[in-house]
Amino acid sequence: MTVSPRITDFADGISAIDTEYVRPMMDASHLIVNGGRAAFVDTGTSHSVPLLLAALEAKGLQPDDVDYVLVTHVHLDHAGGAGQLMAALPRALAVLHPRGAPHMADPSRLIKGSIAVYGEDLFASLYGEIRPIPEQRIRIVEDGDRLQLGGRTLEFLHTEGHARHHYCIADADRGVIFSGDTFGLSYRDLDTDKGEFIFPSTTPVDFDPGAAVSSIDRLMGRSPEAIYLTHYSRVTDLRRLADDLKQDIDAFAGLARGVSGREDPVPALEDGLREHMYLRLDRHGCNPDPSWRESIIGDDIRLNAQGLKVWLVRQSGG
């Protein structure tokens, strides 16, 4: 069967490849090409791997031209396909945060935890087979470490807040950063004549509002011209977007504190998040149809509510 990936090309040898996770243009893998060498940033799921390999072929590259698979963090929409992709790339190293590397060498805990959330059938539908990565093919990067890609310097910044096993990748010479989920989510469906719309991801289990704000400030301290998000790709109005993210983080934490002590705070959190987000979408001039809005951000509202619940439990010492 012929695979036709949706590819969006940018400057500086960067391309976004739609991993087709859940819906079109929700989740991207980025391909960086420099001096005939290549790297993938995040992979989508195992179902996404044929799309990534087809994109590589479309660029006139071979599997052994890929030096790195750069996994910003090990949530399965970012890393689920890493083992499968590595099996097809004979020379590549998987580059991982020290907290994330053990879960890619032995993904059994990731699989067990995800099945507990989704059930076996939905897990298989969303993620497919999660293959381990041999330890000898894993490169762990500490904060501030640098790697070369065809003469291009990539620097790794540990950025907690969304996940403790998260890093971002800074390319200072080109003024760009690959942020995973640290700089939030910005779906192209929500773009209007007012520009890009962004909001934070507070999914389980490591959300920390203070660390999230500090990580955003750290990225902005690099004065980037563009940031590439996994959900979804390039954004450029960075000062406004950073301010929006930090205001949302404060608002989300406030909503969570307001329902602290309830036996099950999730329904109230979902309602509060939906009200907050819909007001923001109104101000941004987005489509007002509730069913359309739910199709774009409904899953994120539910996941964010779950993450805020976990944060509340942690705050209470539970």
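None of the figures in this text is laboratory data; all of them are computed from the coordinates on show. Since this is a predicted model, take the numbers as computed values, not measurements. Please note: Cβ atoms are built from the backbone with ideal geometry, for glycine as well, and neighbour counts cover all protein chains shown.
Things worth noting here:
- Going by neighbour counts of Cβ atoms within 10 Å, the residues Trp311, Trp292 line up, fewest first, as Trp292, Trp311.
- Normalised by the number of residues in the chain, the average gap of Cα pairs under 8 Å and 6 or more apart makes the relative contact order 14 percent.
- Counting charges near Pro50 (Lys, Arg +1; Asp, Glu -1) among other residues having Cβ under 11 Å from its Cβ returns a value of -2.
- Taking a sphere under 10 Å around the Cβ of Val95 and counting the other residues whose Cβ falls inside, with K and R at +1 and D and E at -1, yields a net charge of -1.
- Angle in degrees between helix 108-118 and the longest Cα principal axis of the chain, rounded to the nearest 10: 40 degrees
- At full extension, Glu225 and Arg257 could sit 8.0 nm farther apart than now, given 0.36 nm per residue minus the alpha carbon distance.
- Helix 238-258 vs. the chain, principal-axis angle (Cα, 0 to 90°, nearest 10): 50 degrees
- Relative to the longest principal axis of the Cα atoms of the chain, helix 290-315 runs at roughly 80 degrees.
- Gyration tensor (alpha-carbon) shape descriptor, region 246-315, a/c threshold 1.5: prolate
- In terms of surrounding Cβ atoms within a 10 Å radius of their Cβ, Thr8, Thr45, Thr236 rank from fewest to most as Thr236, Thr8, Thr45.
- Taking the Kirkwood radius as Rh and the Cα radius of gyration as Rg, region 69-184 has a ratio of Rg/Rh equal to 0.98.
- Taking Cβ atoms as reference points and 15 Å as the exclusive limit, the residues near Pro134 contribute a net charge of +2, counting Lys and Arg as +1 and Asp and Glu as -1.
- The fewest-to-most ranking of Glu120, Glu160, Glu294 by surrounding Cβ atoms within 10 Å reads Glu120, Glu294, Glu160.
- Among (1) 41, 21, 17; (2) 34, 20, 17; (3) 30, 22, 20, the entry derived from the coordinates for semi-axes √(5λ) of the Cα gyration tensor in Å: (3)
- Across every pair of non-identical alpha carbons in region 1-88, the mean reciprocal distance, once inverted, gives a Kirkwood radius of 12.6 Å.
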